[in-house]
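Student: Please see the structure below; I have some questions.
The values are calculated or read from the model by the stated rules, or taken from the named source; none is laboratory data. Owing to the predicted nature of the structure, the values given are computational and were not obtained by experimental measurement. Note: ideal-geometry Cβ built from the backbone for every residue, glycine included; neighbour counts use all protein chains shown.
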Amino acid sequence: MKRVIFLVALAASCRKHESGFELHSPVPHFSAALEQTTGVALQPGHRLEVLENGPVFDALIAAIAKAQKSINAETYIWRKGAASNRVLEAIKLRTAAGAICRVLLDAVGSEDLGDELRARFADARCQLRIFRPVPGPDNAARNHRKDFIVDGRVGFTGGFGVDDKWLGDGLSDKNWRDTNVRVEGPAVGQLQQSFAEHWQEAGGDFLPASEFPRLEPVGDAPAAFVRSDASPVVTRAERLTQLVIASARKRLWIENAYFVPSKAIRNLLGRQAAAGVDVRIVAAGHKSDSKFEFLWAQTDYGDLQKRGVRIWEYQPSMMHAKTMLADDALIVIGSVNLEPFSLNKLEEGALVAEDAAAARRLAKDFEADCARSKEQK
């Protein structure tokens, strides 16, 4: 309970001390603007698969089953249960064949790891490390990324953790609604680098060069993985979010679990809606796992709605996705929540891509989620 109170108080403090950063310039070319804004440019040659809800585990386990060299994972939540058992059994088969497994868990998100689960990691021959054990110098800068990388060639990211609540279809109380992505191509190297840097900080060894293979084009989609580190000034998570909003010309559809955006993001959303962009938000509803942020989010609805933003609250279960869809092809899928804690004080990441097929899939899912949601008036 003390830790929950701490996080709530910190989030409120972050809202009071926002960076002041706000994009005002038009965005003539997204990839060039992305590189200037986040230091990362879109690279061609990717193949993407959007994965909603429980099927992410089917795809993850299928990738693990082909691992030859390594399975690396960093995630906020990993809890015992059916999901954990499935993943660790798949890993155990590959480590027995010589692959290396490294798992990095956040000390707060996975605080209830327990002896039983630790024993299962050991049985699967996984090297397990804890990110920034508490108490520490900065309890706020937690690792909220959710990334798996297999052989340095296949990556997964999104909103899911290893917990049974992510196994279902997002349509009942016990099954959270989430969106994730499987990616092949050059951006997987960026995912691997992100993991390696945190692994070093946690006391792990350097990854061998063989785990950073040359990644040839495997598809047509330009993509990049944007990592964001906690910052007292402005994070890449904030910069990326504002850039995507500012880039939209026709449509901007956002699904986000904790919708308490910064003043600058609210201004941009309102400005885009007033300019004729179709701005829609699907946020968590009354089944949110954070009643504080659910109520806090509602305080911002009125001003946005007056400026033309339409807002829905998801009804069947906890809506945990973190996605953005701009126009016909630009998508973002990752771990970034649009609330002050995530935008200021967490280690986050997101895959950004220009992929018309993936955009159509996100649009279809967005419309289905709207049908299961209640529009706020």
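Student: Just checking: which of the strands (runs of 3 or more DSSP E) contained wholly in the range 94-156 hold 2 or more residues that are modelled with pLDDT of 95 or more and among the β-branched types (Val, Ile, Thr)?
Tutor: Values: elements: 100-106, 126-131, 147-150.
Ranges flagged: 100-106, 147-150.
Student: Could you check how many residues of the range 61-90 are over 17 Å from Glu184 (Cβ atoms) and in a helix (DSSP H, G or I)?
Tutor: 9
Student: While we're looking at this one, here's another question. Got a sec? Which of Leu268, Leu240 is within 26 Å of Phe160 (Cβ to Cβ) and of a type in the set (A, V, I, L, M)? Break it down into steps so the answer makes sense when it comes.
Tutor: On the way: Leu268 fails: within 26 Å of Phe160 (Cβ to Cβ).
Selected residue: Leu240, the only one of Leu268, Leu240 that is within 26 Å of Phe160 (Cβ to Cβ) and of a type in the set (A, V, I, L, M).
Student: Here is a follow-up. Out of Ala321, Ala363, I need the residue that is touching a residue at least 60 places away in the same chain (Cβ under 8 Å), within 16 Å of Glu255 (Cβ to Cβ), surrounded by fewer than 24 Cβ atoms within 10 Å (Cβ to Cβ) and of a type in the set (A, V, I, L, M). Which one? Walk me through it before giving the result.
Tutor: Details: Ala321 fails: surrounded by fewer than 24 Cβ atoms within 10 Å (Cβ to Cβ).
Just one listed residue meets the conditions, Ala363.
Student: Write out, first by first residue and then by second, each pair whose Cβ atoms fall under 6 Å of each other, whose residues are 6+ apart or on separate chains, and whose first residue, in the range 100-121, is closer than 15 Å to Ala202 by Cα while the second is of a type in the set (Gly, Ala, Ser).
Tutor: Hits for this filter: Val103/Ala73; Leu104/Ala202.
Student: If Ala275 meets every condition in (1) touching a residue at least 24 places away in the same chain (Cβ under 8 Å); (2) under 30 Å from Ala221 (Cα atoms) apart from one, which number is that one?
Tutor: Ala275 satisfies every listed condition except (1).
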